[in-house]
Amino acid sequence: MSGVRILAREVLSRVHHLLENITFERQRSDGKTQTISREIFDTGLGAVILLYDPSRSRVVLVKQFRLPVYLSGRDGYLIEAVAGKLEGEDPATRIVKEVEEEAGFKIEKPVRLFEAFMSPGSFVETLTFFIARYKPEDRVGPGGGLAEEGEDIEVLEPTLDEALAMIETGEIIDAKTITLLYYAKLNGLMNEK
């Protein structure tokens, strides 16, 4: 990349993910060179999906404990769309597995929407966003996640309108989930035949 030069990289932690302090030079728009240090957290690439059932106007969301949410002064539980790390797999393959692990539904062909950085000021992570239709008969298990990964997930099936109302009341505060719920509303997913 022109105008950027990495000067130093210091690994601060590599327990669950990679945390580095990176010092770099960057040419500013006025032509001057500036040296900057930033802590960068690399949590790996991920995928997220909104399952929707237009015949019942329902979506699948999950509720689970998130330590950063707790540390921010809340109860720690977050209502989210199903999501997970790619763990070396392509996004479509991985999200199908995450849906079964977390929500208990078997899906086959998720529709890729787009990729997005969720917090580019300090996180390397990009998420690939998906949607997929589902019906009650697609349930093949209870979901709940993997206990060995610390997951203890509750599966929710609100209507789209109920989920959108939860954004307004502050019950849903997860950016990726808000993005997908508004995508569903704006694109009329519940009007599909």
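Quick check on the stretch 113-141: of everything there that is farther than 19 Å from Asp53 by Cα and of a type in the set (D, E, K, R), which residue is surrounded by the fewest Cβ atoms within 10 Å (Cβ to Cβ)?
My answer is Glu115.
Could you check the stretch 133-168 and list, in sequence order, the residues that are within 19 Å of the chain's Cα centre (by Cα), part of a loop (DSSP other than H, G, I, E, B) and at pLDDT below 95?
Gly143, Gly144, Gly145, Leu146, Gly150, Glu151, Asp152, Ile153
In this structure, does Gly76 turn out to be free of Cβ contacts under 8 Å to residues at least 60 places away in the same chain and closer than 23 Å to Ala175 by Cβ?
So Gly76 passes the test.
Just one of (1) surrounded by fewer than 11 Cβ atoms within 10 Å (Cβ to Cβ); (2) at pLDDT 90 or above trips up Arg56, so point out which.
All conditions are met except number (1).
Residue under question is Gly84, and the condition is that it be surrounded by 19 or more Cβ atoms within 10 Å (Cβ to Cβ), at pLDDT below 95 and within 30 Å of Glu39 (Cα to Cα); does it hold?
For Gly84, the condition - surrounded by 19 or more Cβ atoms within 10 Å (Cβ to Cβ), at pLDDT below 95 and within 30 Å of Glu39 (Cα to Cα) - is met.
Condition first: surrounded by 13 or more Cβ atoms within 10 Å (Cβ to Cβ) and among the charged types (D, E, K, R). Now tell me which residues in the stretch 168-193 satisfy that.
Residues satisfying the conditions are Glu171, Asp174, Lys176, Lys185.
List every residue pair whose Cβ atoms sit under 6 Å apart, with the two residues 6 or more apart in sequence or on different chains, where the first one lies in the stretch 136-157 and is over 13 Å from Glu100 (Cα atoms) and the second, anywhere, is in a loop (DSSP other than H, G, I, E, B).
Filtered contacts from the stretch 136-157: Glu151/Gly145.
Hey, could you check the stretch 95-112 for residues that are in a strand (DSSP E or B) and touching a helix residue (DSSP H, G or I) at 6+ places or on another chain (Cβ under 7 Å) and say which is surrounded by the fewest Cβ atoms within 10 Å (Cβ to Cβ)?
Arg112
Of everything in the stretch 89-133, what is hydroxyl-bearing (Ser, Thr, Tyr) and either under 14 Å from Thr177 (Cα atoms) or not assigned by TED's automatic domain parsing to the domain that holds Glu148 (or both)? Give them in sequence order. Give the steps one after another, and end with the answer.
Going residue by residue through the stretch 89-133, those that are hydroxyl-bearing (Ser, Thr, Tyr) are 93, 119, 122, 126, 128.
Residue satisfying the conditions is Thr128 alone.
Which of the residues spanning the stretch 53-68 are in contact (Cβ under 8 Å) with a residue 60 or more places away in the chain and not aromatic (Phe, Trp, Tyr)?
Result: Asp53, Pro54, Ser55, Arg56, Ser57, Arg58, Val59, Val60, Leu61, Val62, Lys63, Gln64.
Cβ contacts < 8 Å: first residue exposed (fewer than 11 other Cβ atoms within 10 Å of the Cβ), restricted to the stretch 10-38; second residue of a type outside the set (A, V, I, L, M) and not in a strand (DSSP E or B), any location; separation 6+ or different chain. Result?
Gln34/Arg28
Picking from Arg112, Arg26, which residue would you name as being in contact with a Gly (Cβ under 7 Å, 6 or more places away or on another chain) and of a type in the set (Lys, Arg)?
Selected residue: Arg26, the only one of Arg112, Arg26 that is in contact with a Gly (Cβ under 7 Å, 6 or more places away or on another chain) and of a type in the set (Lys, Arg).
Show the residue pairs that are 6+ apart or on different chains and have beta-carbon atoms under 7 Å apart, the first residue being within the stretch 169-193 and basic (Lys, Arg), the second being crowded, with 19+ Cβ neighbours inside 10 Å and in a helix (DSSP H, G or I).
Taking only residues 6 or more apart or on different chains, the pairs are Lys185/Leu160.
The values are calculated or read from the model by the stated rules, or taken from the named source; none is laboratory data. Treat the numbers as computed from the prediction; the structure is a model and nothing was measured. Here Cβ is always computed from backbone atoms with ideal geometry, including for glycine, and neighbour counts include all displayed protein chains.
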